[in-house]
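**Q** Below is a structure I'd like to ask you about.
Readers should treat all values here as calculations from the given coordinates under stated rules, not as data from a laboratory. Computed from a predicted structure; not experimentally measured. Note: ideal-geometry Cβ built from the backbone for every residue, glycine included; neighbour counts use all protein chains shown.
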């Protein structure tokens, strides 16, 4: 459960997203009666706030069933919106849990460049280290020196070894070596950073699939999680990224970063409705404690300010 401090940061982080949504609601409710025209406008406001057509249609269907042609206040609409949004989000709000029987739990972290993959790996490593677990990190984005350096800085900070190779080294080979080391040392978790160059999708797909193939030579069940990191500021683009990465690899869960810099936090609702993938954590800042397990009700309330 997120702490009250994190909730206040989440609310601050969602301020721009909330403003986008609530100003749309306020515009609709000038007439107070929730007639057909008001419902249409409310649906448009939800879509404009990045909740997506499917989630918007589901929410409006609920309003039509319970509030049609009734006088409603803005507070009542916001309260029901928060309830409906939380209902869409609740099934996907699942923490990323490690299996204590596995040593190591192998987590492949994927996503386009710039979403915050490397930072997310560092934050997760710190989180588990603080729980007394032993992580090991792999700098698998071997073509970007900055990504390798960034991961090494996190490794030093966390006190976790980082397996890195020379520029352009084979990521699959690094992952293989890291898994050998993690097994030999009895490590709890192996976090593998990867490249995210979508302009050459075929090459990226081949690279990710090779990493998985090579890992399975040592552990037929690896990777145990494939974590897709998405940047909230990209809005509807995040939906396309899920589609693309699901084609490449079996994505098992999502982390959404940079909610604090976005007016498009509503896309989290569209992702939940569209894909139903577990949403493990959300990020609202640069600090390690700004990445926390996702809480559906807190997020819904933060989005519509209830």
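**Q** So which residues in the stretch 25-38 are crowded, with 19+ Cβ neighbours inside 10 Å and assigned to a helix (DSSP H, G or I)?
**A** 28, 38
**Q** Check 187, 213 and return the single one that is surrounded by 15 or more Cβ atoms within 10 Å (Cβ to Cβ), over 30 Å from residue 303 (Cα atoms), more than 24 Å from the chain's Cα centre (by Cα) and in contact (Cβ under 8 Å) with a residue 40 or more places away in the chain. Write out each step before concluding.
**A** Values: 213 fails: surrounded by 15 or more Cβ atoms within 10 Å (Cβ to Cβ).
After applying the criteria, what remains is 187.
**Q** Would a scan of the stretch 223-242 turn up a residue that is over 27 Å from residue 13 (Cα atoms) and surrounded by fewer than 13 Cβ atoms within 10 Å (Cβ to Cβ)? Can you show your working first?
**A** To start, the set of residues in the stretch 223-242 that are over 27 Å from residue 13 (Cα atoms) comprises 223-225.
Now drop any that are not surrounded by fewer than 13 Cβ atoms within 10 Å (Cβ to Cβ), which leaves none.
Checking the stretch 223-242: not a single residue is over 27 Å from residue 13 (Cα atoms) and surrounded by fewer than 13 Cβ atoms within 10 Å (Cβ to Cβ).
**Q** Yes or no: residue 63 free of Cβ contacts under 8 Å to residues at least 40 places away in the same chain and either touching a strand residue (DSSP E or B) at 6+ places or on another chain (Cβ under 9 Å) or over 27 Å from residue 260 (Cα atoms) (or both)?
**A** yes
**Q** Another question, then. Mind checking whether some residue in the stretch 143-156 is more than 24 Å from residue 285 (Cα to Cα) and touching a strand residue (DSSP E or B) at 6+ places or on another chain (Cβ under 8 Å)?
**A** If we filter the stretch 143-156 for residues that are more than 24 Å from residue 285 (Cα to Cα), which is where we start, we get 143.
Filter once more, keeping what is touching a strand residue (DSSP E or B) at 6+ places or on another chain (Cβ under 8 Å): none.
Within the stretch 143-156, none of the residues are more than 24 Å from residue 285 (Cα to Cα) and touching a strand residue (DSSP E or B) at 6+ places or on another chain (Cβ under 8 Å).
**Q** Find the residue count for the stretch 288-306, including only residues that are surrounded by fewer than 24 Cβ atoms within 10 Å (Cβ to Cβ) and assigned to a strand (DSSP E or B).
**A** Total meeting the criteria: 2.
**Q** Criterion first (within 29 Å of residue 176 (Cβ to Cβ), surrounded by fewer than 19 Cβ atoms within 10 Å (Cβ to Cβ) and under 14 Å from the mean Cα position of the chain (by Cα)) does residue 252 satisfy it? First the steps, then the outcome.
**A** Values: within 29 Å of residue 176 (Cβ to Cβ): yes; surrounded by fewer than 19 Cβ atoms within 10 Å (Cβ to Cβ): yes; under 14 Å from the mean Cα position of the chain (by Cα): yes.
The answer is yes for residue 252.
**Q** Looking for something within 24 Å of residue 214 (Cβ to Cβ), in contact (Cβ under 8 Å) with a residue 24 or more places away in the chain and either surrounded by fewer than 23 Cβ atoms within 10 Å (Cβ to Cβ) or over 23 Å from the mean Cα position of the chain (by Cα) (or both) - is there at least one such residue anywhere in the stretch 85-96? Give the derivation first.
**A** Residues of the stretch 85-96 that are within 24 Å of residue 214 (Cβ to Cβ), as a first pass: 96.
Filter once more, so that each one left must be in contact (Cβ under 8 Å) with a residue 24 or more places away in the chain: 96.
Filter once more, keeping what is either surrounded by fewer than 23 Cβ atoms within 10 Å (Cβ to Cβ) or over 23 Å from the mean Cα position of the chain (by Cα) (or both): 96.
For the stretch 85-96, residues within 24 Å of residue 214 (Cβ to Cβ), in contact (Cβ under 8 Å) with a residue 24 or more places away in the chain and either surrounded by fewer than 23 Cβ atoms within 10 Å (Cβ to Cβ) or over 23 Å from the mean Cα position of the chain (by Cα) (or both): present.
**Q** Check off (1) within 24 Å of residue 239 (Cα to Cα); (2) crowded, with 20+ Cβ neighbours inside 10 Å for residue 54 and give me the number that stays unchecked.
**A** That leaves (2) as the condition not met.
**Q** Let me ask you something else. Could you please find all residues in the stretch 160-192 being assigned to a loop (DSSP other than H, G, I, E, B) and touching a strand residue (DSSP E or B) at 6+ places or on another chain (Cβ under 9 Å)?
**A** Correct list: 160, 161, 164, 187, 188.
**Q** Also, quick follow-up: Given the residues 247, 206, which is the only one that is without any contact (Cβ under 8 Å) to a residue 40 or more places away in the chain and surrounded by fewer than 24 Cβ atoms within 10 Å (Cβ to Cβ)?
**A** Details: 247 fails: without any contact (Cβ under 8 Å) to a residue 40 or more places away in the chain.
Selected residue: 206, the only one of 247, 206 that is without any contact (Cβ under 8 Å) to a residue 40 or more places away in the chain and surrounded by fewer than 24 Cβ atoms within 10 Å (Cβ to Cβ).
Every residue, every condition in (1) touching a residue at least 60 places away in the same chain (Cβ under 8 Å); (2) surrounded by 20 or more Cβ atoms within 10 Å (Cβ to Cβ), yes or no:
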| position | (1), (2) |
| --- | --- |
| 153 | no, no |
| 157 | no, no |
| 160 | no, yes |
| 165 | no, no |
| 168 | no, no |
| 171 | no, yes |
| 183 | yes, no |
| 196 | yes, yes |
| 200 | no, no |
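**Q** If only one of 285, 265 is out of contact with any strand residue (DSSP E or B) (no Cβ under 7 Å at 6 or more places or on another chain), in a loop (DSSP other than H, G, I, E, B) and surrounded by 23 or more Cβ atoms within 10 Å (Cβ to Cβ), which one is it?
**A** Values: 285 fails: surrounded by 23 or more Cβ atoms within 10 Å (Cβ to Cβ).
Sole residue among the options that is out of contact with any strand residue (DSSP E or B) (no Cβ under 7 Å at 6 or more places or on another chain), in a loop (DSSP other than H, G, I, E, B) and surrounded by 23 or more Cβ atoms within 10 Å (Cβ to Cβ): 265.
**Q** Within the stretch 97-146, how many residues turn out to be part of a loop (DSSP other than H, G, I, E, B), crowded, with 20+ Cβ neighbours inside 10 Å and within 15 Å of the chain's Cα centre (by Cα)? Break it down stepwise before answering.
**A** Restricting attention to the stretch 97-146, the residues satisfying the condition of being part of a loop (DSSP other than H, G, I, E, B) are 97-104, 111-116, 131-134, 139-144.
This time we only want the ones that are crowded, with 20+ Cβ neighbours inside 10 Å, so: 104, 111-112, 115-116, 139-142.
With within 15 Å of the chain's Cα centre (by Cα) added as a condition, the list becomes 111-112, 115-116.
Selection size over the stretch 97-146: 4.
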